[in-house]
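Input: a single structure, listed below in structure tokens.
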Ligand SMILES: [Zn+2]
């Protein structure tokens, strides 16, 4: 059973990374926004004063965004 669980986790992480890169990330374009979020329901986006935009991860990095501390630890 333990062996089976170990096998499943890496596969899950790989597929997660692929879909994450394809779907993109969410950013707020408010003046204090410095990070990107993987979920548009993230607590960090609740206080966003503008619309929430979906961009690719590379675009978010080009804009100088860092990963959201609430989601990426
Ligand atoms: Zn976040």
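None of the figures in this text is laboratory data; all of them are computed from the coordinates on show. Predicted model only: the values in this text are computed from it and were never measured. Counting neighbours? That spans all protein chains shown, and the Cβs are built from the backbone with ideal geometry, glycine included.
Looking at the range 35-58, which of its residues are in contact with a helix residue (DSSP H, G or I) (Cβ under 7 Å, 6 or more places away or on another chain) and in a loop (DSSP other than H, G, I, E, B)?
38
Enumerate the pairs (first residue in the range 40-52 and under 15 Å from residue 24 (Cβ atoms); second residue anywhere and outside any loop (DSSP other than H, G, I, E, B) and within 10 Å of the ligand (Cβ to nearest atom)) with beta-carbon separation below 7 Å, excluding pairs fewer than 6 apart on the same chain, so at least 6 apart or on different chains.
Pairs that qualify, where the first residue is under 15 Å from residue 24 (Cβ atoms) and the partner is outside any loop (DSSP other than H, G, I, E, B) and within 10 Å of the ligand (Cβ to nearest atom), are 40/26; 45/26; 45/28; 45/37; 52/26; 52/28; 52/45.
Please find, within the range 59-72, the residue that is farthest from the ligand (Cβ to nearest atom) out of those that are outside any helix (DSSP H, G or I) and within 13 Å of residue 24 (Cβ to Cβ).
63
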